[in-house]
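Worksheet for the structure shown next.
The values are calculated or read from the model by the stated rules, or taken from the named source; none is laboratory data. It should be emphasised that the depicted structure is a prediction, and the values quoted were computed from it without experimental measurement. FYI the Cβ positions are ideal-geometry reconstructions off the backbone, even for glycines, and counts take in every protein chain you see.
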Amino acid sequence: MLTTEQNSEAQADNLIIAIDGPAGAGKSSVAKALSEQLLIDRLDTGSMYRAVAAAALASGAELHDVEELIRLANGLEVTGEGRCLVHGTDVSPLLRDAATNTAVSVVAATSEVRAVLVALQRSWAKARSMAGVIEGRDIASVVFPDARLKIYLTASVEERARRRSDEGAASIVRRDAVDSTRAASPLRLADGSRELDTTGRSIDDVTNEILSWLK
Ligand code: CDP
């Protein structure tokens, strides 16, 4: 549980907690635990890129049709329960499909799509008085460089592949390689980010360490 001091910290302005890292590093689990402990909302920005990719696949759009990807991104709405609608169609059940895992790398490397989604992410935070846990690849480096806490989660590739056994090791290694080497907002340890290796550690353990940094 939080101390009184931590609770009042949670209400202070700029309680943006930015979490970046490769696939399977533990971002979503830790973001969920932090948001529950701190009583602030969380945003999974990966689901936003996935939603645009899934909508493009569903409509048969060409992934290199930048105008169409921009149109889809402009139609994205993330509901309070974290469901993703694109121009009113709920694409949430498609977000983890194998085809989406492949297509998302192309969509996320498109800087024009990133510009639309980054603007949505900043509006999301503004609507919450700059309090929220936000996870992705470029949150500390690009979206919220002034976040209160900037965290880069990692874990061994073996452990990440185990956590993502549905997707498979080859797919996560491929996504990580594309994410780290693309020109637009590549995955990297941002200035001022604290690196935390979650290999062999429980969600509670990692969450408590991060909460101790807020003191
Ligand atoms: O859950 P996992 O870490 O495996 O992936 P995700 O967070 O759902 O993100 C899926 C993909 O979206 C990543 O592989 C990136 O290509 C892209 N992404 C991004 O480029 N920037 C973000 N802020 C979040 C995700």
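A few points about this structure:
- Selection of region 49-67 for residues being over 20 Å from the mean Cα position of the chain (by Cα) and under 18 Å from D179 (Cα atoms) yields L63, H64.
- Residues that are surrounded by fewer than 22 Cβ atoms within 10 Å (Cβ to Cβ) and either basic (K, R) or not assigned by TED's automatic domain parsing to the domain that holds G192 (or both), drawn from region 132-157: R148
- Of the candidates R201, R174, R162, the single residue that is under 24 Å from V107 (Cβ atoms) and outside the structural domain of V104 (by TED's automatic domain parsing) is R174.
- Being in contact with a helix residue (DSSP H, G or I) (Cβ under 9 Å, 6 or more places away or on another chain) and within 13 Å of the ligand (Cβ to nearest atom) is a description that applies to L43.
- Tallying residues that are small (G, A, S) and in contact with a Ser or Thr (Cβ under 8 Å, 6 or more places away or on another chain) within region 66-91 yields 1.
- Helices (runs of 4 or more DSSP H) contained entirely in region 128-215, each with at least 2 residues that are within 12 Å of the ligand (Cβ to nearest atom) and under 14 Å from the mean Cα position of the chain (by Cα): 169-181
- Tally, over region 90-110, of residues that are farther than 21 Å from R163 by Cβ and within 11 Å of the ligand (Cβ to nearest atom): 5
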